[in-house]
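Asker: One structure coming up, written as structure tokens, with questions to follow.
Bear in mind that the values in this text are calculations on the coordinates, not laboratory data. These numbers come from a predicted model, not from an experiment. Because the Cβ atoms are built from the backbone with ideal geometry, glycine has one as well, and the counts that use them run over all protein chains shown.
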Amino acid sequence: MARAVTTQRKLVFTAIGWLIGILLFFPIFWTILTSFKTESEAIATPPSLLFFDWTLENYIEVNTRSDYLKHALNSVIIAFGSSLLGLLIAIPAAWSMAFSPSRHTKNVLMWMLSTKMLPPVGVLVPIYLLFRNTGLLDTLVGLVIVLMLINLPIIIWMLYTYFREIPGDILEAARMDGASLSREIVYILAPMATPGIASTLLLNIILAWNEAFWSLNLTAADAAPLTAFIASYSSPEGLFWAKLSAASTLAIAPILVLGWFSQKQLVRGLTFGAVK
Amino acid sequence: MATLHTRHTARLMLSPAVIMLLAWMLIPLGMTLYFSLLRYNLLMPGTETFDGLENYVYFVTDPAFGAAIANTLLLVGGTLLITVVGGTFLAILLDQPFFGQGIVRLLTISPFFIMPTVSALVWKNMLMHPANGVFAWLATSLGFQPIDWLADAPLFSIILIVSWGWLPFATLIILTALQSLDSEQKEAAEIDGAGPVSIFFFITLPHLSRALTVVVLIETIFLLSVFAEILVTTNGGPGTASTNLTFLVFAQALLNYDAGAAAAGGIIAVILANIVAVFLIRMIGKNLEA
């Protein structure tokens with residue numbers, strides 16, 4: 001009896017769960033589907049679901065006609081560049097706060113967090129002018145620096161929460177046994193810290209890849225990453241939905257897959273360790 | 001064990017990060033504050049004059065300012081309402097055992113990873129377009145008049161688009177908190193005869209309060225700065241119907257070239273965000289001690 005009820009319950013939840021999941025995913029599914037249609041089929045009413053002439057023409061055209069590859073490469077350079085540079089600066093900082101905390105550590109962490117709360121428009125005018133006057137406007141270097149800075153507090157916080165979970169006793173024991181600092185790092189800390197560092201890197205690549213405010217305001221034709229490049233499809237010069245869809249699919253696919261692997265890290269990173 | 005030597009090294013390791021963040025915060029913010037006191041047009045460099053608080057008066061008395069503040073609050077409030085209520089519901093659903101749970105979970109969280117310009121354009125064109133969009137097709141097939149979403153209900157449409165992206169975030173965090181709920185407590189309540197509704201209100205919800213607060217505060221910080229979704233869909237219009245504070249400052253600076261007024265608006269945005277930030281930082285700080 002009890003068993004029958006739970007199976008029935010499970011089936012009901014299966015139906016509701018799948019319905020909601022499919023509804024929420026629909027815009028993404030529709031974009032992917034439209035990217036394989038011809039332009040006339042893309043705007044046809046009633047819309048065709050599966051029975052249309054599947055074509056790769058949009059992908060070919062997006063790649064040949066619109067510098068797509070250049071902008072995709074910009075996205076890769078900016079996302080990886082800013083995340084790796086951020087790690088380079090954040091690892092020593094998080095490390096020292098986790099393993100040699102002082103009475104100021106908490107305040108420093110809180111203050112770093114507060115810089116993340118600064119709304120970007122609060123500094124839009126000076127950053128724009130500084131960039132214009134130093135020739136950094138529309139350059140990859142400029143955007144890498146800005147994205148590194150806006151994500152640095154998240155990187156430091158995430159690393160800090162991971163490093164704090166490494167038991168300090170192990171380090172003490174190693175030191176007692178006469179391990180040097182370099183041995184300590186290579187044999188004990190690195191293996192224990194690597195998963196946390198990798199998670200942090202993953203989340204920050206996602207955040208940097210999708211960043212739009214600074215990408216839209218500080219870049220133009222040369223350094224625009226995909227977020228800014230896709231925005232150029234908003235100009236009303238005709239309905240190029242199939243091409244928009246192809247460009248969008250290429251832009252979101254890699255990060256969507258990465259995102260699926262980062263669920264746990266996402267929660268930890270974006271709540272600054274407040275929810276684990 | 002913390003000898004003078006290691007303490008010195010620790011400080012050295014920390015300093016690059018501190019110096020960079022300090023520079024990133026103080027220099028541009030100081031400049032914004034300074035610009036906000038100048039009559040400063042970007043097209044006429046070299047003609048800046050000290051203008052006192054004129055920019056603030058100009059920015060605040062501009063009719064667009066009232067609209068922008070109202071829109072900002074509606075955008076933040078509306079999105080919070082949808083994502084927090086919807087996220088709680090979804091998290092409870094995803095916490096139940098059912099077939100294909102893992103796949104449904106992936107489908108549900110996917111919108112969070114879509115870049116804002118893509119999600120805005122996809123919604124604007126393929127879903128909300130009054131003639132060829134999916135919504136229009138659904139409306140006509142059901143015998144209704146299709147709605148021109150972004151022209152007739154621009155702010156509501158943007159709230160929908162933004163909520164679609166943030167719903168997964170709320171869901172994930174609430175789900176994470178839900179999974180740490182002690183099941184024995186629920187079982188004990190069930191044995192005592194508590195129904196699902198009272199279990200939700202007296203056990204689940206109090207347990208979630210912390211996660212819900214974090215969701216509200218963090219979303220607020222990000223939602224105060226919604227920009228790309230507005231830029232590529234309505235451009236703040238029609239009129240100022242979908243202009244929020246962030247967009248208004250952007251328009252003053254890079255469309256009207258009025259750096260002084262934009263800087264004054266930026267300072268107002270900073271003050272607004274700080275009110276929220278104080279609460280958030282206090283909450284996270286408490287967690288740090290635990």
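Asker: Taking only the alpha carbons of segment B:1-138, what extent do you get along each of the three principal axes, in Å, biggest first?
Answerer: 62, 61, 24
Asker: Sticking with this structure for a sec: Relative contact order of segment B:1-130: what whole-number percent is it, with Cα pairs under 8 angstrom and at least 6 residues apart?
Answerer: Taking the mean separation of contacting Cα pairs over the length of segment B:1-130, I get 9 percent.
Asker: Counting alpha carbon pairs within less than 8 Å and at least 6 residues apart, what relative contact order, in whole percent, applies to segment B:157-280?
Answerer: RCO, segment B:157-280: 23 percent.
Asker: Cα atoms only: what Rg and Dmax, in Å, come out for chain A?
Answerer: 23.7, 76
Asker: Would you give the gap between the C-alpha center of segment A:32-104 and the C-alpha center of segment B:1-50, rounded to a whole Å?
Answerer: Taking the Cα centre of segment B:1-50 as reference, the centre of segment A:32-104 is 31 Å away.
Asker: Report the residue, chosen from A:118, A:49, A:130, that carries the largest GNM mean-square fluctuation when chain A is represented by alpha-carbon nodes joined by springs under 10 Å.
Answerer: The residue with the greatest mean-square fluctuation here is A:49.
Asker: So, one more: Show me the helices of chain B, taken as full DSSP H stretches, that run 27 Å or more along their long axis by Cα and average 0.0 or above in Kyte-Doolittle hydropathy.
Answerer: Those that pass (Cα extent of 27 Å or more, hydropathy at least 0.0) are B:4-35, B:63-95, B:154-179, B:259-289.
Asker: Another question, if that's okay. Past 32 Å, Cα to Cα: identify those pairs from A:70/A:116; A:10/A:264; A:116/A:264; A:243/A:264; A:37/A:116, in the order given.
Answerer: A:243/A:264; A:37/A:116
Asker: While we're on this one: Can you compute the helix-only [θ] at 222 nm over chain B? Use -39500 (n - 2.57) per DSSP H run of at least 4 residues, normalise by all residues, nearest 500 deg cm²/dmol.
Answerer: Rounded to the nearest 500, it is -22500 deg cm²/dmol.
Asker: Compute the signed sum of charges (Lys and Arg +1, Asp and Glu -1) over the other residues within less than 15 Å, Cβ to Cβ, of residue B:239.
Answerer: Counting the neighbours of residue B:239, the net charge comes to -2.
Asker: Can you sort A:104, A:71, B:129 from fewest to most other Cβ atoms within 10 Å of each residue's own Cβ?
Answerer: A:104, B:129, A:71
Asker: A further question on this structure: Can you give the average number of partner chain beta-carbon atoms within 10 Å of each beta-carbon in peptide A:246-258, as a whole number?
Answerer: 3
Asker: As a footprinting exposure proxy, order B:6, B:32 by other Cβ within 10 Å, with the fewest listed first.
Answerer: The fewest-first ordering by Cβ neighbours comes to B:6, B:32.
Asker: Sticking with this structure for a sec: For every helix of n ≥ 4 consecutive DSSP H residues, a contribution of -39,500 (n - 2.57) applies; sum these over chain A, divide by its total residues, and give [θ] at 222 nm rounded to the nearest 500 deg cm²/dmol.
Answerer: -23000 deg cm²/dmol
Asker: Same structure again: State the answer as a single residue: which of A:136, A:254, B:189 lies farthest towards the positive end of the charge dipole of the protein assembly as shown, with beta carbon charges of +1 for Lys and Arg and -1 for Asp and Glu, about the Cα centre.
Answerer: Checking the options against the dipole of the protein assembly as shown, the answer is B:189.
Asker: When the Cα centres of segment A:155-231 and segment B:235-273 are compared, how far apart do they sit, in Å?
Answerer: Answer, in whole Å: 34.
Asker: Between B:84, B:104, B:232, which gets the highest mean-square fluctuation from a Gaussian network model of chain B, Cα cutoff 10 Å?
Answerer: B:104
Asker: Against the longest alpha carbon principal axis of chain A, how many degrees, from 0 to 90 and to the nearest 10, is the axis of helix A:241-260 turned?
Answerer: Computed tilt is about 30 degrees.
Asker: Taking beta carbons within 10 Å but only from partner chains, what does the mean come to for residues A:196-206?
Answerer: Mean inter-chain Cβ contacts per residue within 10 Å come to 0.
Asker: So how do A:264, B:124 line up by other beta-carbon neighbours within 10 Å, fewest first?
Answerer: Listing A:264, B:124 from fewest to most nearby Cβ atoms yields A:264, B:124.
Asker: Angle between the Cα long axis of helix A:124-133 and the longest principal axis of chain A, 0 to 90 degrees, nearest 10?
Answerer: Helix A:124-133 sits roughly 90 degrees off the main axis of chain A.
Asker: Running a GNM on chain B with Cα contacts under 10 Å, which residue among B:150, B:167, B:127 ends up with the highest mean-square fluctuation?
Answerer: Per the Cα network of chain B with a 10 Å cutoff, B:127 tops the list.
Asker: Using only Cα atoms, find the angle between the long axis of helix A:105-116 and the longest principal axis of chain A, and express it within 0 to 90 degrees, rounded to the nearest 10.
Answerer: Compared with the principal axis, the helix lies near 20 degrees.
Asker: Aspartates and glutamates near residue B:186 by alpha-carbon distance under 15 Å, same-chain residues fewer than 8 away left out - which ones?
Answerer: B:95
Asker: Evaluate the charge dipole of the protein assembly as shown about its Cα centre and quote only its size in Debye, nearest 20, assuming +1 on the Cβ of each Lys and Arg and -1 on the Cβ of each Asp and Glu.
Answerer: 1160
Asker: Counting chymotrypsin sites (Phe, Trp or Tyr not before Pro) as exposed when in a DSSP loop with at most 15 other beta carbons within 10 Å, what is the longest stretch of chain B free of them?
Answerer: B:145-256
Asker: In addition: Dividing the alpha-carbon Rg of segment A:86-157 by 2.2 N^0.38 Å yields what?
Answerer: Expressed relative to 2.2 N^0.38 Å, the Cα Rg reads 1.30.
Asker: Also, quick follow-up: Rounded, prolate or oblate for chain B? Axes are the square roots of the Cα gyration tensor eigenvalues, ordered a ≥ b ≥ c, and the cut-off for rounded is a/c under 1.5.
Answerer: oblate
Asker: Over all residues in A:107-117, what is the mean tally of Cβ atoms on other chains that come within 10 Å of each residue's Cβ?
Answerer: 6
Asker: Please name which of A:109, B:122, A:163 has its Cα lying farthest along the dipole of the protein assembly as shown towards the positive end, using unit charges on Cβ (Lys, Arg +1; Asp, Glu -1) and the Cα centre as origin.
Answerer: Positive-end residue among those listed: A:163.
Asker: Calculate the spin-label point distance for residue A:138 paired with residue B:50, positioning each point 7 Å from the Cα along the beta-carbon direction, and give it in nanometres.
Answerer: Calculated label separation equals 3.7 nm.
Asker: Over chain B, what is the relative contact order in whole percent, taking alpha-carbon pairs under 8 Å and six or more residues apart?
Answerer: Across chain B, relative contact order equals 28 percent.
Asker: Taking 7 Å along the Cα-to-C-beta vector as the label spot, tell me the residue B:23-residue B:191 distance in nanometres, rounded to one decimal.
Answerer: It works out to 6.3 nm between the two label points.
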